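The structure under discussion appears below in the form of structure tokens.
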Amino acid sequence: IQVFSYKQFLELTFINHPVVKQASLFSDLGEQEVRMARGNLDPKLTANWDVKNLKDTEYFNVFNSTLKIPTWFPVDPKVSVDRNRGVFLNPERFISEDTDYWQIQLGVELPIGRGLIIDPRRAAIKQSVEVQNMLEAERIKVINKVLFEAGKAYWDWYSAYYRYKLINRSIVISEEIFERVKVNFDYGEASVIDTIQAGITLQNRRIDLQAAQIDLVTTRLNLSNFIWTENEEPLELTASAAPFVEAFTDEISTSYVDSLRLNAMVYHPEVLKLDAKINQLSIKNKLARENLKPTLNLEYNFIDQPLTPTGDFNQFNLGSDYKFGVQFAYPLLIRKERSKAQMTNIEISQTDYELNSRSLQIKNNVEASYNEFLNTDLMIDQQIVAINSYERLLEAELLNLELGESDLFKINFQQDK
């Protein structure tokens, strides 16, 4: 017999089960969500070259290359290099030939209205972190589910194994009773009905054994669904394997249950997911309220400062050689923006209600499980006392049968108990 302990089984399931390994991909997926959102802050290099030449006349030759560097704070510096020339060049694109038509611009863009506190790119990064937290909670939830189902499968096998052994023992007793009844019948101390009844009981025990064997094989195969090698190859539990559960000696105190309940209400995967969802909606709500502000963007560009196209350095001069712009926009009724903010508030309220309800369920489930544990522990103690009493009664009835002073009804009753 090969002992396959409960602890060993759970460790094997946790390490090698494909679904557990698959759940670990949630962490990788969460990291990629954050990485993708942070891509909104990646520097961006663009270049455009537009040329028109007709009948040997260069109408225009326009080149622009810009490096824009988004930052976490709403100040986006950029560097732009231009080379514009041509007979029919748009005057606003004019660049002096003193620099061979080259020009360098160093500038910044700053929102002082909408987008100053939060903007879509910062909101996306913050929300991606909450998505990562949700995926991590989902990973824990999936692993817990696998371990719960695995534990149930082990206890089903445990029950089937010892039920099979118990019925095997009952068959030995029934065979002994049947042989004794036949001997008593041969000596005239038992009737034919007694031998028939003893034979029926023995036959029923054998039928029970067949059913128990089917149940044992079924539960063993079901348990094998959770046993895998490191190379993700399925294993099958052998018929010689026997369950073993370490003795549980520690008492569960009320203070421990209180701590467990508080931890469950904070760290339960469902609570973590709902907390992350509320945080995500709060970010969305903050962005929606930010969009109630008017758009007011400022842009200032230094021209050929501090570096000229010829490689010379100039001091910054805020009042000359510059390009400045202001952008303003504001929807007069802002119905779209107000609706988005209100809808987000409603979603937050809905999620708060769901979180409160789920937290109460978790709290009650912990307390119910604790009460069930206490009652089951008490029932086991009482059943042990009862079983010992029935064992003594059965031994007494078997002795009486040997002495010819018992009947099969009492023996079968004690044996069933």
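The values are calculated or read from the model by the stated rules, or taken from the named source; none is laboratory data. Model, not experiment: these values are computed from the prediction. Please note: Cβ atoms are built from the backbone with ideal geometry, for glycine as well, and neighbour counts cover all protein chains shown. SASA here: full protein model, heavy atoms, side chains in, ligands and nucleic acids out. Shrake-Rupley method; radii C 1.70, N 1.55, O 1.52, S 1.80 Å.
At-a-glance table
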read-out	value
Computed over segment 267-350: relative contact order in percent, which uses C-alpha pairs under 8 Å that are six or more apart	38
Accessible carbon and sulfur surface of segment 357-417 relative to its total accessible area, %, 1.4 Å	54
All-pairs Cα distance distribution in segment 4-105, expressed in whole percent, bin size 5 Å	2, 10, 12, 11, 9, 8, 7, 6, 6, 5, 5, 4, 4, 4, 3, 2, 2, 1, 0
Protection proxy ranking of 93-99, 223-229 - average other beta-carbon atoms within 10 Å, highest first	223-229, 93-99
Highest-first arrangement of 71-82, 293-304, where packing means the average Cβ count within 10 Å	293-304, 71-82
Of Leu41, Gly86, Leu135, farthest towards positive along the dipole that unit charges on Lys, Arg, Asp, Glu beta carbons give segment 30-147	Leu135
Centre separation in Å (Cα based) which lies between segment 278-354 and segment 390-416	90
Segment Thr229-Gln2, length gained on full extension (0.36 nm per residue, minus Cα span)	79.9 nm
Pairwise label distance in nanometres, Ala211 with Leu41, each label 7 Å out on the Cα-Cβ vector	6.7
Computed [θ] at 222 nm, deg cm²/dmol, the chain (DSSP H ≥ 4; -39,500 (n - 2.57); rounded to nearest 500)	-21500 deg cm²/dmol
Chain lengthening between Asn168 and Asn314 when straightened (0.36 nm per residue, less Cα-Cα)	42.6 nm
Rotationally averaged projected area of segment 83-143 (alpha carbon convex hull; nm²)	8.7
Whole-angstrom gap from segment 1-49 to segment 102-144, using each part's C-alpha centre	21
Contact order relative to length of the chain, as percent, for alpha carbon pairs under 8 angstrom and 6 or more apart	20
Test item: Cα-centred dipole of the chain, Lys/Arg +1 and Asp/Glu -1 on Cβ, debye	2120
Contour minus Cα-Cα distance for Thr295 and Tyr256 (0.36 nm per residue)	8.5 nm
Val385/Ile15 FRET efficiency (R0 30 Å; Cβ-Cβ; nearest 0.05)	0.15
Charge dipole (debye, nearest 20) of segment 235-295; +1 at Cβ of Lys and Arg, -1 at Cβ of Asp and Glu	900
Cα centroid of segment 53-80 to Cα centroid of segment 185-209, whole Å	103
Cβ-based charge dipole, segment 198-300, positive-most Cα from Leu287, Tyr267, Gly199	Leu287
HN-Hα J in Hz across segment 62-79 - Karplus 6.51, -1.76, 1.60, θ = phi - 60°, x for Gly and Pro	10, 10, 9, 9, 10, 10, 10, 10, x, 10, 5, 7, x, 10, 10, x, 8, 10
Cα-projected label distance for Ile200 with Lys323, points at 7 Å along beta-carbon direction, nm	10.5
Rounded D (µm²/s) - the chain, Kirkwood Rh over Cα pairs, Stokes-Einstein at 25 °C, 0.890 mPa s	81
Accessible solvent surface per residue of the chain, calculated while the other protein chains remain in place, 1.4 angstrom probe, Å²	64
In Å, descending, principal axis extents of the Cα set of segment 292-333	51, 17, 12
Where labels lie 7 Å past Cα in the beta-carbon direction, separation of Lys410 and Phe63 in nm	11.4
Within a Gaussian network of the chain (alpha carbon springs, distance under 10 Å), most fluctuating of Asn388, Asn204, Asn168	Asn388
Residues Glu246 and Ile112, FRET efficiency given R0 of 60 Å [Cβ-Cβ distance, rounded to 0.05]	0.35
